[in-house]
Structures are given as C-alpha cells and as structure tokens.
Amino acid sequence: MKKKYQNGFFLFGLTVLILMVTQLDFGQVWEGLQRAGYWALAVIVLWAFLYMFNTGAWWAIIKSGTAATPSPQLPTPTPQPAINFWWLYKITVTGFALNYATPGGLMGGEPYRIMMLKTKIGTERASASVILYAMTHIFSHFWFWLLSCLLYLLTQRMTVLMWILLPAITAFCLLAIWFFLRGYKRGITVWMMQLLSHFPLVKRWAQPFFERNAEKLGTIDRHIAALHNQNRRTFITAVGLELACRVASALEIFFILLVIMPSANYLQCILILAFTSLFANMLFFIPLQLGGREGGFLMSAGGLGMTASAGIFVALIVRVRELIWTAIGLALIKLDKKSGTE
C-alpha cells in the first residue's frame, strides 16, 4: 500500500480515537483500573489470543481461495505467494481498530485489508476474501445470538418479556442466516449494489459505481461462490473459529466480574455478551458504539439479576480495552513492512 494511503488511514483513526478518549471520565477510569488490578491486564492480553481466532478464519479463507480448483467462469489464477500468518494477524488487528473507529463499521477496516492484500493475490481475490471473511464474521454473530437464546431458555427463569423477546430474536437470526447462506452460494456484491441503487440518499453514487464496475463485481461474486462451494471444510472451519472466538471472548466479562463477584457464572457471561453485542450492533452507526455498549451491559446484567454497578464496571473496563487495542491497531499501520509472504 502507498504511504499516503497508510498515512490517511492512520490520521483518520488517530483523530477519531483522540475524540473518543476525550469523552472518558479519567478519574472514573483510573478508579476502575485500580479496582480491577491484574484482571484488567488479563483482559487486554486475552484479546491478543482472541485475534488469533479471527486471523485463523481469514487465513483459512485466503488459503482456500489460492488453492481452489479454477472455475471456467473465472480467469486462470497465477501462482500466488503464501501469506504469512503473523503479517495477516497485524492486518486483522488494524482492520478491527479502523472498524471500531468508523461510524457504520466495515467502512474503514475492510478497504484497508483489501488494499494491503491485493499486492499479494490481486484485487479481485483480495476483495472476495475480505468480503467473505466479513460475511463469516457477521454470520457467526447470528449463530451466537441464536444459540444464546437456547442457552437462556435452558438456564434462566423465563418472564413474560423474555417469552416475547426470545422468539423475535430467534426469528430474526434465522432470517439473517438464510440470507447469508444465499449470499455465500451466489455472491452478494452485485445484489447489494443493485439494492443501494434504489435508495434515494446513495442512489446518485451507487448507480454509476455499479455501472462502471459491474464486471469486476461479478468476478468478485464468482470468487465468493467458488470459495464457498468448492471447499465446505474451509467454510465450516472459518465459521467455527469465529463462533469459538465469540464464546471465548465471554472470558473478558468473566475476568472482570471475578473482581466484584467471586461466584461469577461463565454461562451468564456468555448471555451478557450475547445480548450486549446484539443491542450494540443495532447502533452500528456510532463510532466504537459509544453509549450503546454501555446500555447493553446495563440491560443484560440487570436482566440476569446483577446490580447496575456491576454492569457499569464491566462496561468501563471493556471500553478501556477497546481503546487500547484500537491504539495498538493504529500503531501497527506505521510498523508495516513490505514483505508479508513466507
């Protein structure tokens, strides 16, 4: 990637990060970190391992794409160098950092990943792998929320409100899973651009873009379909790694709750994470989901019989961790090396 683009991504992310840091109550943050003690460090270190799950899922997709049997509808692939896992890990961390800092998510990290990867495997393959990974990342969320509904039903006392909410969430997740399976089989970029071409606010931009790039978008869709249809094992592996990352990330809440609740239940931590992430993702247009995530923690913790102060404490430490890893991801942009191959 050209240095001017790297600098652009870095300066944009840094500006948003500084704005978000200024919104913190530093006295409250310091008090929370002192209270959490070494568990706060454990939470930060935990994510160094969780990002390995994300990288592994994307790496599996890329490897499957470069090794896939050529399709008669696609250009004959040229030999591609093997991608170094740790280089990809760095790009993964930076991509998530940019997504955290970007309103709407998936609008900063994904272009960065494509621009970094295209020099290794070409623009179409890089775009297909990034889009397919983003789809897999989101797809795993719907499975996580769906399975969490079942977990709640089996482990918690049902109320009238939950008898209303759980079926609604279940129906929503099943509909989304069906939509993504359709997108995996046929590709999704052409359909999405055609859909955007009918929205008044983006129609003026989307329609000319689609007309200029219809052939490239079609090629990307064929790559997505080929990656999914030719190697189901890779698809299952990628979804499994992302789903495992969702479940393992509940350790973050578990570690924090141990500070104030030594009898913390890990299953409850999974439920807190599930319903918090569901609520926060409904407010995807807010950078770093400011306010949405905190509200989600308060609602989910309260719904499981925990105190409001416990929800606020968890939300505070998680927010600090997100800011630290966002800063790490942005710093990695400046540490880029040209070689990302083995």
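Bear in mind these aren't lab numbers, they're just calculated from the coordinates by the rules spelled out. Predicted, not measured: the structure shown is a model, and the values here were computed from it. As a convention, Cβ positions derive from the backbone with ideal geometry for all residues, glycine included, and neighbour counts pool all protein chains shown.
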- Item | Per-residue ³J(HN,Hα) for region 244-253, Karplus 6.51 cos²θ - 1.76 cosθ + 1.60, θ = phi - 60°, Hz, x for Gly and Pro | 4, 5, 4, 5, 5, 5, 5, 4, 4, 5
- Using 1/(1 + (r/R0)^6) with R0 = 30 angstrom and r between the beta carbons of A214 and K185, what's the FRET efficiency to the nearest 0.05? 0.90
- Item | Phi-based couplings in Hz for region 258-268 (Karplus 6.51, -1.76, 1.60; Gly and Pro marked x) | 4, 5, 10, 9, x, 9, 4, 9, 5, 5, 5
- Message: Could you order the peptides 116-127, 143-154 from most to least packed, using the average number of other C-beta atoms within 10 Å per residue?
- Response: 116-127, 143-154
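Looking at this model, which pairs from K118/K185; K63/K118; K120/K185; K90/K185 are more than 19 angstrom apart at the alpha-carbon?
K118/K185; K120/K185; K90/K185
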- Neighbourhood charge, 14 Å Cβ-Cβ cut-off, centred on Y51 and excluding it, Lys, Arg +1 and Asp, Glu -1: +1
- In order through region 314-322: 3J(HN,Hα) via Karplus (6.51 cos²θ - 1.76 cosθ + 1.60), integer Hz, x for Gly, Pro: 4, 4, 5, 5, 5, 4, 4, 4, 4
